[in-house]
Amino acid sequence: MMNKLLFLFAALLTVMPASAQNYVDIVYDGDNATISVPSTVTGLTYNIKGANVSIVSTTLVNEYTYRLSGSSPDGSLTINGNYKLTLQLSGLDLTNAHGGPAIDIECGKRIAVVLEEGTVNTLCDSPYGDQKGAFFFKGHAELEGGGTLNVTGKLKHAICAKEYMEVKSSTGTINILGAVSDGIHCGKGKVANTNNYFEMSGGTVNIVNVGSDGIDADDFGVVRIKGGALSINVADSGSGIKADSTLTVSGGNINIHVAGNDADGLRSNYAVNITGGTTDIYVEGDGSKGIKSKNDTETTATVSNGGDISISGGTIRIEHLGDTYADPSTGDTSSCVGIAADNKLTQTDGEVEILSMGTDCQAYRGRGGERLEGGTLKITRIPWKVKRRDYQYDMTVYGAVQLNGSLLTDYSEVAVGAFDGDVCIGYADFEPENYGIIRLFGNEVAGNAVSFKYFDWTTMEEAALTADRDIAFETSAVYGTPSNPVILSDGGESILLGDINGDGEVNVTDVMAGVGYILGNKPEIFIFDAADVNDDGEVNVTDIMHIVNIILN
């Protein structure tokens, strides 16, 4: 009978998943921790001191799962070994307050990190010690599972993997809440890009309050963004994403905000390839770059003879503001550029939109040549700097510029800005040829009177414009229409009565525009004040007769 029971028990173990047999439970409770090791787990020794757990595993054949839960204000976990393992975070709140990582995995193999569905897990180190990250991996880290992970690095990085790190498609949410250096750092391992990389296939990763880069892949490190949602905010002169080797975006949604001089949204020290996904980049600071690929020929560079940027798909929106930056220590200068390739810049497909703000700002540059062969490229340049993300509200003005009595029809070398006093609060998008859509921004529901200026890029001269009606900021307000825009005049000549379409002449086309307006067919351009010849506040047949008389002298 006993033999039969043993046989059934052995058979049950055989059909049970290995992970179900090999769970090692570690529970933190304030200043203490407990560990439960099942009898099926062999070759494992451990030591517990307060809430600090140290484990040594000698197995070379069995993958064990360490399930972590509970909380401690001053605890840690260190695992040493030579075989792959799984960490399951099941509602863990762990701070190492005395120095060292909160979790330190010294196994130079694949480490699967499972965020248990429905749990929130928090890791934090202290500003003491010599740790490279609050969550440290000597080997390869692969994150999965639908839970949430919050990490803060108070000494250096938040998460540091000595070789590669993967965020798999099943991953829930990873929040980097702060780091003195990089939010996520990979590399300092084997100098080969097959081992040093950051790859994201899904999930949500949010990175804020970092002192250096959002994500950094060192030592020929590669970055591959394939899916998921990635949001990065770098406050002072770092890079949103930096790769020592190739940086590739093939999917997902990326949103990057980087501030500070000589900062970069996406940066590669070899090549940037964008084939898909949606990438939004906002950089502010002198010498800043939205996307940068560097050809570093210095002898200390890990990668040389690069510098290419290739765009063959996806949607890219870049908003950058700044002027030329001069390094105070070396005197070297760096331009502010939306897309900057030290070698070749190539676009064969995809949608690219660049808003460049600053007189020294440049939309794109390929030092080794520019091949814009496909897709769409839209560029808006203004000499003023509008930090529209600092505002809560907006409004719209449909406007057309009148210089010396004639409406402009070519805005390719002209910029128009809206001002509250000396502060630029809006700019015009003149993608239609005959009028501009001017978006204005503010932090008050109802604000001050608005003035306007225009800038001529060919002469680099600025002049005031006067609107044909009073305009004050009011959230969601709309002034003018595409067919009857607000006329912004340089004051050179008054409106020419009868010149309804603003081409500088009164002729039969104006009669047709007036008749079309009366019949309810809005012309493409309709200047109401020019059409209301008798100044009675209406446009009717009487005005058409006056226009005919003007034509007939």
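Key figures
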{"item": "Qualifying positions in the stretch 454-474 - in contact (Cβ under 8 Å) with a residue 40 or more places away in the chain, within 20 Å of ASP529 (Cβ to Cβ) and either open to solvent by 20 Å² or more (accessible area, probe 1.4 Å) or in contact with a Lys or Arg (Cβ under 8 Å, 6 or more places away or on another chain) (or both)", "result": "TYR454, LEU465, ALA467, ASP468"}
{"item": "Qualifying position, being modelled with pLDDT of 95 or more and open to solvent by 10 Å² or more (accessible area, probe 1.4 Å), among GLY108, GLY146, GLY153, GLY133", "result": "GLY146"}
{"item": "Number of positions in the stretch 164-181 that are touching a residue at least 40 places away in the same chain (Cβ under 8 Å) and in a loop (DSSP other than H, G, I, E, B)", "result": "4"}
{"item": "Tabulated pairs, the stretch 249-262, first assigned to a loop (DSSP other than H, G, I, E, B), second among the charged types (D, E, K, R) and open to solvent by 60 Å² or more (accessible area, probe 1.4 Å), C-beta under 6 angstrom, 6+ apart or interchain", "result": "SER250/LYS226; GLY251/LYS226; GLY260/ASP236"}
{"item": "Selected residue (only one of ILE550, ILE544 is aliphatic (A, V, I, L, M), outside any loop (DSSP other than H, G, I, E, B), open to solvent by 30 Å² or more (accessible area, probe 1.4 Å) and out of contact with any Ser or Thr (no Cβ under 9 Å at 6 or more places or on another chain))", "result": "ILE550"}
{"item": "Residue that is within 21 Å of THR65 (Cα to Cα) and in contact with a Ser or Thr (Cβ under 6 Å, 6 or more places away or on another chain), where the choices are SER212, SER201, SER169", "result": "SER169"}
{"item": "Complete set of residues in the stretch 478-494 that are assigned to a strand (DSSP E or B), out of contact with any Lys or Arg (no Cβ under 8 Å at 6 or more places or on another chain) and surrounded by 16 or more Cβ atoms within 10 Å (Cβ to Cβ)", "result": "ILE487, LEU488, SER489"}
{"item": "Some residue of the stretch 59-67 being open to solvent by 20 Å² or more (accessible area, probe 1.4 Å), without any contact (Cβ under 8 Å) to a residue 24 or more places away in the chain and either part of a strand (DSSP E or B) or of a type outside the set (Gly, Ala, Ser) (or both)", "result": "yes"}
{"item": "Residues satisfying the stated conditions in the stretch 225-240, i.e. in a loop (DSSP other than H, G, I, E, B) and either open to solvent by less than 30 Å² (accessible area, probe 1.4 Å) or at pLDDT 95 or above (or both)", "result": "LYS226, GLY227, GLY228, GLY238"}
{"item": "Complete set of residues in the stretch 518-541 that are modelled with pLDDT of 85 or more, open to solvent by 70 Å² or more (accessible area, probe 1.4 Å) and closer than 22 Å to ALA400 by Cβ", "result": "GLU538"}
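Condition check ((1) open to solvent by 50 Å² or more (accessible area, probe 1.4 Å); (2) assigned to a strand (DSSP E or B)) across all residues:
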| site | (1), (2) |
| --- | --- |
| PHE452 | no, yes |
| SER476 | yes, no |
| LEU496 | yes, no |
| VAL506 | no, no |
| ALA513 | no, no |
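The values are calculated or read from the model by the stated rules, or taken from the named source; none is laboratory data. As the structure is a computational prediction, the values presented were derived from the model and not from experiment. Cβ coordinates were reconstructed from backbone atoms using ideal geometry, including for glycine residues, and neighbour counts include every protein chain displayed. Accessible surface is based on the protein model in full, side chains and every heavy atom, while ligands, DNA and RNA are left aside. Shrake-Rupley method; radii C 1.70, N 1.55, O 1.52, S 1.80 Å.
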